[in-house]
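Asker: A single structure is presented below for examination.
The values are calculated or read from the model by the stated rules, or taken from the named source; none is laboratory data. As the structure is a prediction and not an experimental result, all values here were calculated from the model. Every residue, glycine among them, receives a Cβ derived from its backbone with ideal geometry; neighbour counts consider all protein chains shown.
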Amino acid sequence: MHDDEVKSFESRWKIALLASVAILLQQPAVAQTVNYTRDASTVVVSYRIDIGEIADTESGPSVQIFGDGNALVHVPRYRRDSGDFKTKLSQAEMDNLMATLVANGVLDFDAAAAKQAIRNARQQRGGGAAEVLTESTDPDVTTIELRVRRNAAPGAGSGGGAAEVTKVVRWVGLRRDAQQFGEIAAIRKLAAASERMEAVMERPDLQPVASAQ
């Protein structure tokens, strides 16, 4: 990748981060309690961005967070701050993160309904011809995977116990759609969940992971 491409990507990343911080500061505290495993070997939430124009050459920035709060962050080599890093979220931070993701609709996200809402919004605006793209024509792909425990309904054959649920949300052009269709709650909330995960990836206490010799 050429230097000008690297600078362009880093500029986009910084702008997105500033926007993320601004939105996070405006969000109210989350009081919801989410049940999830505290197992140190189980990933309870993961997040990845595949950058459109370079997705075929290398995976994008990503983070995996385990049940005990340990997190692994990967920054791809096309960025100047590339490398693998680790951090540790406290139990309170973990509880807040998981509750925030659930409150922002990740667990119940309906991609088909969201796409239909976008189509409806375009029709109400008079079609897609007037739509102005604010990002690349080869947009980024955002993937969020969340694993929680949900109480089974009485009489459902599970004795009313907690059942583990895994949800994978994959959306192409999330930032673009959030800018163009902010009135659609599902898109707006998914973008907020994405920004919350990016904030974890930019924590000031990230420590480099020692490479195996």
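Asker: Output the residues belonging to segment 181-198 that are among the basic types (Lys, Arg) and in contact (Cβ under 8 Å) with a residue 12 or more places away in the chain.
Answerer: Residues satisfying the conditions are 189, 196.
Asker: Restricted to segment 76-109, and to residues that are in a loop (DSSP other than H, G, I, E, B) and under 19 Å from residue 148 (Cα atoms), which residue is farthest from the chain's Cα centre (by Cα)?
Answerer: 90
Asker: Report, ordered by the first and then the second residue, all pairs with beta carbons closer than 9 Å, sequence separation of six or more or different chains, a first member in segment 51-62 that is within 18 Å of residue 201 (Cα to Cα) and surrounded by 13 or more Cβ atoms within 10 Å (Cβ to Cβ), and a second member that is polar (S, T, N, Q) and at pLDDT below 65.
Answerer: Qualifying pairs under 9 Å: 51/136.
Asker: Another question about this same structure. In segment 176-193, how many are in a helix (DSSP H, G or I) and loosely packed, with under 15 Cβ neighbours inside 10 Å?
Answerer: Final tally of qualifying residues: 1.
Asker: Another question about this same structure. When you look at residue 42, is it exposed (fewer than 15 other Cβ atoms within 10 Å of the Cβ) and out of contact with any helix residue (DSSP H, G or I) (no Cβ under 9 Å at 6 or more places or on another chain), yes or no?
Answerer: Considered against the rule, which asks whether it is exposed (fewer than 15 other Cβ atoms within 10 Å of the Cβ) and out of contact with any helix residue (DSSP H, G or I) (no Cβ under 9 Å at 6 or more places or on another chain), residue 42 comes out as yes.
Asker: Looking at segment 44-64, which of its residues are over 12 Å from the mean Cα position of the chain (by Cα) and at pLDDT 70 or above?
Answerer: Within segment 44-64, 44, 51, 52, 59, 60 meet the criteria.
Conditions (1) farther than 19 Å from residue 119 by Cβ; (2) surrounded by 14 or more Cβ atoms within 10 Å (Cβ to Cβ); (3) touching a strand residue (DSSP E or B) at 6+ places or on another chain (Cβ under 8 Å), marked per residue:
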{"residue": "165", "(1), (2), (3)": "yes, no, yes"}
{"residue": "174", "(1), (2), (3)": "no, yes, yes"}
{"residue": "195", "(1), (2), (3)": "yes, yes, no"}
{"residue": "205", "(1), (2), (3)": "yes, no, yes"}
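Asker: Taking the condition at positive phi, small (Gly, Ala, Ser) and surrounded by fewer than 17 Cβ atoms within 10 Å (Cβ to Cβ), does residue 69 pass?
Answerer: It is false that residue 69 is at positive phi, small (Gly, Ala, Ser) and surrounded by fewer than 17 Cβ atoms within 10 Å (Cβ to Cβ).
Asker: Return the residues of segment 110-152 that are at pLDDT below 95 and part of a strand (DSSP E or B); say none if nothing qualifies.
Answerer: Within segment 110-152, 141, 149, 150, 151 meet the criteria.
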